[in-house]
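Report on one structure; see the data block that follows.
The values are calculated or read from the model by the stated rules, or taken from the named source; none is laboratory data. Predicted model, so just to flag it, every value in this text is computed and none were measured. Ideal geometry is used to build each Cβ from the backbone, glycine not excepted, and the neighbour counts take in all protein chains shown. We work out accessible area using only protein heavy atoms, side chains counted, and drop any ligands, DNA or RNA first. Shrake-Rupley method; radii C 1.70, N 1.55, O 1.52, S 1.80 Å.
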Amino acid sequence: MSAPLAVTLEPFRKQLEGVSGQPQKTALEALHHTGLPDRRVEDWKYTSLRFLAGSVFHKPGKNYDSAKARAALAALGLAEGAVAELPRLVFVNGHFVADLSVTKGLFACSFYTADKAEPGSLVRSDREPLAALNTVLAENGVVISVPEGIDAGQVLLVSLGQADSDAVSYHPRHSVHVAKGGKLSLLSVQAGEGHYLHNPVTEVFVAAEAELRHVTLQAESDAAANLSTLYAQIEERGNYDSFVVGIGAALSRHEVHACLAESFAQVHINGVQRLAQTQHGDITSVITHAAPDCISRQTVRNVLDDRARGVFQGKVLVEQIAQKTDGYQMNQALLLSGQAEIDAKPQLEIYADDVKCSHGATVGALDDDQLFYMRSRGVPEGEARQILIDAFLEEVLELIGDETAREVCKTVIARRFPVSEEGA
Amino acid sequence: MSQFLDISGLNARIDADGQEKEILRGVDLVIPPGEVHAIMGPNGSGKSTLSYVLAGREDYEVTSGSVSFQGKDLLEMEPEERAAAGLFLAFQSPVELPGVNNANFLRTAVNAVRRARGQEELDAVNFLKTVRAAAKELGMSPDMLKRNVNVGFSGGEKKRNEVLQMTLLQPSFAILDETDSGLDVDALRIVAEGVKRLRSPQFSALVITHHQRLLEYIVPDRIHVMAKGRIIHSGGPELAQQIDREGYTKFLAEAA
Ligand SMILES: Nc1ncnc2c1ncn2[C@@H]1O[C@H](COP(=O)(O)OP(=O)(O)OP(=O)(O)O)[C@@H](O)[C@H]1O
Ligand SMILES: [Mg+2]
């Protein structure tokens, strides 16, 4: 390639050299054309990628620190209780690590190789520049295929980042297929140390009458960026029940494109964000009702402290054919400081006439009457605040159907935000 | 003078939409240990405000006066410190806490207070036993312990829940702000018995009420009439009947 590199791609210059493979070349061309989005791009109005500028992201080697990785797994609560018994796939800096993984009991699982980036996939490298970057640079990832009628149980997928002085970036490409009537519960945990970019792309196919429960726990390093893009297609009576918990990273975006492709399909894109200091967390989704009688549900709650900023963009597109659509969307924020901020952009685009779609948003602070009531019963202020925050999140965390996954999420949230002695 | 509770020249105001509003205008009140006093008075006279100021609500600004409680300067203490020191306020309008389990909250409160008092915390099993027994004595269904604090409780259920909290927190001084309002006759008796059970030389109470009825069950040592932010008259328990018959007109005229 001799075309000049877009400024926004400068951090990846080295990695983008010498790309081979047709899908990769096509994606790179698209990328050259657009660069990474800046805030003039409508969908990126509230989230800036300036955080990436000024760094040079290296391609990580396969070496990793095993003791650190094990300590990280333990710190995430993955070494004890029910979750410790699950089959697990552990990646460090985007490379699969067999030593840390347990593949016993795992159903049809293989690994992504660059030649699999075929055009038949759901990924839209032509539309989403970060997906294009992934397509160009992806070298690894997991491919899980649950056969027809099989309940594949629970699987744990872990991504750990390890960066020292050099910033690294890794761009895994995962895909999950659940065939007709099959079932799977997937818990994806993302964490790490140091300055890195984790840019995963995940494709999800839920066939007729199949069910996929998918919980993503984003607890990346404070110095990291997590920019995730997920594409899901759900067929007749299939159910994709997803939940994202965002507590880590300096900059994060969880972007979901879900298509209800056949009738009576369901999708749930729920989540919570609990952010502090100068963290920026973005949950963006586009749900397309492309068939009649489908259901979409979305409840997102944000707890933002200090100067943290939360973004919620939720688009629900109901095509003309999608009569009897049942859509619900709610975004709520609890601001713990005067400098915290939430930007919410709900967007309903409805072309069918017989639909039931509701959406709403609330923003508020902790309730003084409630705090005083609890303190008057002897509960110290810090603990009282914590109880109210937990109660706010709890109601949504209950939507996580997989109990093991729910407990892991709660544990990690509690460890990251221990009760303060003083209160604020 | 080190009385159990000594309120002297207490003035407090609130900032209501940018306007300073004087509510307490020189409250003087002494409650000795082991005594139960009652406050009666017209709506809006400042009874609840006094109870909030004593409990430490920050919306009210104390402009002058003092409150000493067991020899300590009460107004200097945080609300949770006052609770640990033995003060309890049963709210006129108990606050709902959605998403907060009632039994868990009770345990958190009881253990916070025990910790602050240097007592050992109760474990889950022991606590549950204690709380179930206490709830039963107050005629509360066990189901109310599993629900969220005050959420969807009827008026009377909320008041019983306040008395349950009081029973478990073992205060040395309780303020009951119209805990009798909204209670049926049976509940009234149960609540009164709850207070009676606490009566001892180490326990004092301030009962705010509009109804003579409660004072038939909990016979107070003194009754005070509050109007326009001050105590304008004090007397023995017989005052309740007089107020019931004649209203406040006479006292108001005398005070004017
Ligand atoms: N937060 C507030 N903002 C504005 N005004 C207030 C506030 N709190 C109390 N007041 C006013 O102060 C006065 C005293 O109120 P308070 O609730 O103390 O009366 P009360 O004696 O308890 O009345 P009741 O018998 O009706 O319960 C009232 O006029 C009330 O409107
Ligand atoms: Mg009142």
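Looking at the structure I just gave you, is B:Ser8 open to solvent by less than 40 Å² (accessible area, probe 1.4 Å) and either in contact with a His (Cβ under 7 Å, 6 or more places away or on another chain) or of a type outside the set (A, V, I, L, M) (or both)? It is false that B:Ser8 is open to solvent by less than 40 Å² (accessible area, probe 1.4 Å) and either in contact with a His (Cβ under 7 Å, 6 or more places away or on another chain) or of a type outside the set (A, V, I, L, M) (or both).
Counting just the residues of the range B:199-218 that are open to solvent by 40 Å² or more (accessible area, probe 1.4 Å) and part of a helix (DSSP H, G or I), which one comes out farthest from B:Ile31 (Cα to Cα)? That would be B:Arg213.
The residues of the range B:13-56 that are without any contact (Cβ under 8 Å) to a residue 60 or more places away in the chain, within 25 Å of B:Glu80 (Cβ to Cβ) and more than 9 Å from ligand 1 (Cβ to nearest atom), listed by number, are B:Arg13, B:Val53, B:Gly56. Total residues in the range B:219-242 satisfying the condition of being of a type in the set (A, V, I, L, M), in contact with a strand residue (DSSP E or B) (Cβ under 7 Å, 6 or more places away or on another chain) and more than 16 Å from ligand 2 (Cβ to nearest atom): the figure is 4. The residue of the range B:181-197 that is nearest to ligand 1 (Cβ to nearest atom), among those that are under 15 Å from B:Pro171 (Cβ atoms) and open to solvent by 40 Å² or more (accessible area, probe 1.4 Å), is B:Lys196.
Annotation: of all residues in the range B:131-144 being farther than 18 Å from B:Lys196 by Cβ and more than 14 Å from chain A (Cβ to nearest Cβ), the one that is nearest to ligand 2 (Cβ to nearest atom) is B:Met144. So B:Leu183 fits all but one of (1) at pLDDT below 95; (2) more than 16 Å from ligand 2 (Cβ to nearest atom); (3) aliphatic (A, V, I, L, M); (4) assigned to a loop (DSSP other than H, G, I, E, B); what number is the exception? For B:Leu183, the exception is condition (2). Of all residues in the range A:366-400, those that are open to solvent by 30 Å² or more (accessible area, probe 1.4 Å) and part of a loop (DSSP other than H, G, I, E, B) total 4. The residues in the range B:53-66 that are outside any helix (DSSP H, G or I) and more than 8 Å from chain A (Cβ to nearest Cβ) can be counted, and the count is 7. Assessment of the range B:145-165 against the conditions (within 14 Å of chain A (Cβ to nearest Cβ), within 16 Å of ligand 2 (Cβ to nearest atom) and closer than 18 Å to A:Met374 by Cα) yields at least one matching residue. B:Leu106 satisfies every condition listed in (1) modelled with pLDDT under 95; (2) within 29 Å of A:Arg301 (Cβ to Cβ); (3) within 14 Å of chain A (Cβ to nearest Cβ) except (1).
Suppose the filter is within 12 Å of chain A (Cβ to nearest Cβ) and in a loop (DSSP other than H, G, I, E, B); does B:Val100 pass it? Here the answer is no, as B:Val100 does not meet what is asked.
Each residue in the range B:56-91 was checked for being acidic (Asp, Glu), within 16 Å of ligand 2 (Cβ to nearest atom) and at pLDDT 95 or above, and 0 pass. Residues in the range A:327-359 that are over 13 Å from A:Leu304 (Cα atoms) and either assigned to a loop (DSSP other than H, G, I, E, B) or small (Gly, Ala, Ser) (or both): A:Gly327, A:Ala344, A:Tyr351, A:Ala352, A:Asp353, A:Asp354, A:Val355, A:Ser358.
Scanning the range A:19-44 for residues that are open to solvent by 80 Å² or more (accessible area, probe 1.4 Å) and over 26 Å from the mean Cα position of the chain (by Cα) yields A:Ser20, A:Gln22, A:Lys25, A:Glu29, A:His33.
Of all residues in the range A:45-68, those satisfying the criterion of being surrounded by fewer than 20 Cβ atoms within 10 Å (Cβ to Cβ), in a helix (DSSP H, G or I) and of a type in the set (A, V, I, L, M, F, W, C) are A:Phe51, A:Ala67. Checked against the criterion of being aliphatic (A, V, I, L, M) and part of a strand (DSSP E or B), the candidates A:Ala291, A:Ala223, A:Ala258, A:Ala249 yield just one match: A:Ala258.
Among the residues making up the range A:153-176, those that are open to solvent by 10 Å² or more (accessible area, probe 1.4 Å), closer than 20 Å to A:Pro87 by Cβ and over 16 Å from the mean Cα position of the chain (by Cα) are A:Gly153, A:Gln154. Taking into account only those residues within the range B:200-218 that are away from ligand 2 (no atom under 16 Å from the Cβ) and without any contact (Cβ under 8 Å) to a residue 40 or more places away in the chain, which is nearest to the other protein chains (Cβ to nearest Cβ)? Filtering the range B:200-218 for residues that are away from ligand 2 (no atom under 16 Å from the Cβ) and without any contact (Cβ under 8 Å) to a residue 40 or more places away in the chain, the one nearest to the other protein chains (Cβ to nearest Cβ) comes out as B:Tyr217. Checked against the criterion of being touching a helix residue (DSSP H, G or I) at 6+ places or on another chain (Cβ under 9 Å) and either in a helix (DSSP H, G or I) or within 12 Å of chain A (Cβ to nearest Cβ) (or both), the candidates B:Leu128, B:Leu122 yield just one match: B:Leu128.
Restricting the range A:189-220 to residues that are within 15 Å of the chain's Cα centre (by Cα) and not in a strand (DSSP E or B), the residue that is nearest to A:Ala84 (Cα to Cα) is A:Glu220.
Only residues in the range B:67-95 that are more than 8 Å from every other protein chain (Cβ to nearest Cβ) and assigned to a strand (DSSP E or B) count as the first member; pair them with residues that are open to solvent by less than 10 Å² (accessible area, probe 1.4 Å) and acidic (Asp, Glu), Cβ under 7 angstrom, at least 6 apart or cross-chain, and list the lot. Every condition considered, the pairs that remain are B:Ala90/B:Glu162; B:Ala90/B:Asp177. For the range B:13-55, the set of residues classified as more than 14 Å from ligand 2 (Cβ to nearest atom) and open to solvent by less than 10 Å² (accessible area, probe 1.4 Å) consists of B:Val27, B:Leu29, B:Ile31, B:Val36, B:His37, listed by residue number.
Does the range B:70-87 contain at least one residue that is surrounded by 16 or more Cβ atoms within 10 Å (Cβ to Cβ) and within 16 Å of ligand 1 (Cβ to nearest atom)? No, there is no match, as no residue in the range B:70-87 is surrounded by 16 or more Cβ atoms within 10 Å (Cβ to Cβ) and within 16 Å of ligand 1 (Cβ to nearest atom).
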